[in-house]
1. In segment 243-301, how many residues are farther than 18 Å from E210 by Cα, touching a Leu at 6+ places or on another chain (Cβ under 6 Å) and surrounded by 10 or more Cβ atoms within 10 Å (Cβ to Cβ)?
2. Could you tell me which numbered condition G208 fails, if it satisfies all but one of (1) assigned to a loop (DSSP other than H, G, I, E, B); (2) over 18 Å from G261 (Cα atoms)?
3. Being crowded, with 24+ Cβ neighbours inside 10 Å and among the hydroxyl-bearing types (S, T, Y) is the filter here, so list the residues in segment 179-200 that pass it.
4. What's the number of the only condition in (1) modelled with pLDDT under 90; (2) under 30 Å from G217 (Cα atoms) that A353 fails to meet?
5. Looking only at segment 50-64, count how many residues are modelled with pLDDT of 70 or more and either assigned to a loop (DSSP other than H, G, I, E, B) or not charged (D, E, K, R) (or both).
Amino acid sequence: MASITTFFGTQGGGGSVSGTATRVAFFGGTPGSPSTTLDDSANLQWDDTNGRLSVGDAASVPGTLTIAAAGASDATIALEVRTDSSYGNLLLFRLYGNGRIDSRMLSSSEALTNNIAIGLGAGSAITTGDSNVLYGPSAGQSITSGSNNTAIGPNVGRSIIDGGNNTLVGRTAGDNITSGLDNIAVGREAGNGTTSGSLNISVGFQAGKERQTGSPGSRNTGSTSSIYIGNETKALNATDTNSIVIGNGALSSGSNTTVIGNSSTTNAYINGNINIFDGKNIVLGSTTGTQIGTATTQKLAFYGDTPIVQPTTAVASATAVHGSGQAVKDDSTFGGYTIGQIVTALQTLGLLA
């Protein structure tokens, strides 16, 4: 700490002060006590040529106002902003020497002290909402009583009023949610159509934004407990429930359905056994139909037998055991079918060549 010698003249007259150039003079001594001693410090300097004030070890940093902490840790504070003591001396903003930031937003209710809002208009309407984290222009700008929302990006969650527990990331993600709860939307315009829907997961550009019914571009406003993964995945109806849609441009088949892939998908590969819950069926189409095995060289078997290719007349004959009684003729029937009809049916199904 350098000592400054002063020579004061009369009011309106000249005078001189000696000290170290660029350092800002201040009265030293015990805080709050009278002092007649002017001191200076290398941690408080004014660059009159460039109009810059530096606080801390920051004189060489070219900022109009530069503040540096005394060390790079949580134990050193570079900048702190608080409310007036009449409002509880509450912390508004704190910047630490290691770059970490603590911040919160306040309004007329102290219950709001757990909100963080950064960006023009972000969280500007909050009245009783709590524990919202809002980052970006207009992020969460309509929230009043909604709580526990995380909105990151321009216009993200800007229509939320009393909705809560939503996690939204990406430009205009969840932009139209008003009262929806527990939605996750990641990607530009992801979950953008939802207003009152809850418990949805939307990942990808415009994922879950639109529905197939209605005019083109109709919004998916009220789906619940549904998952949309992939760019431009769509609901079937605006009230789909428990719909799972995965794939670029994949389209939902409605409530309680799962769709994987889009109409351009040609093959799907799954490792491991495919298990079907008891009482559930394999439902096939009724227009073109479905093949099980698309070539005669593909092997198939039932009930634990070894899979084989399509049988032909070259297959070894089974052992014949002739019973007593009437001989079997070509017009004899078994359950109403002749042997020729049975063979024809097996061949038509592809089980025999």
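1. 1
2. (2)
3. Listed by number, the list holds a single entry, T194.
4. It is condition (2) that A353 fails.
5. 6
The values are calculated or read from the model by the stated rules, or taken from the named source; none is laboratory data. These figures come from a predicted structure and were not determined experimentally. Quick reminder, even Gly has a Cβ in these numbers, built from the backbone with ideal geometry, and neighbours come from all protein chains shown.
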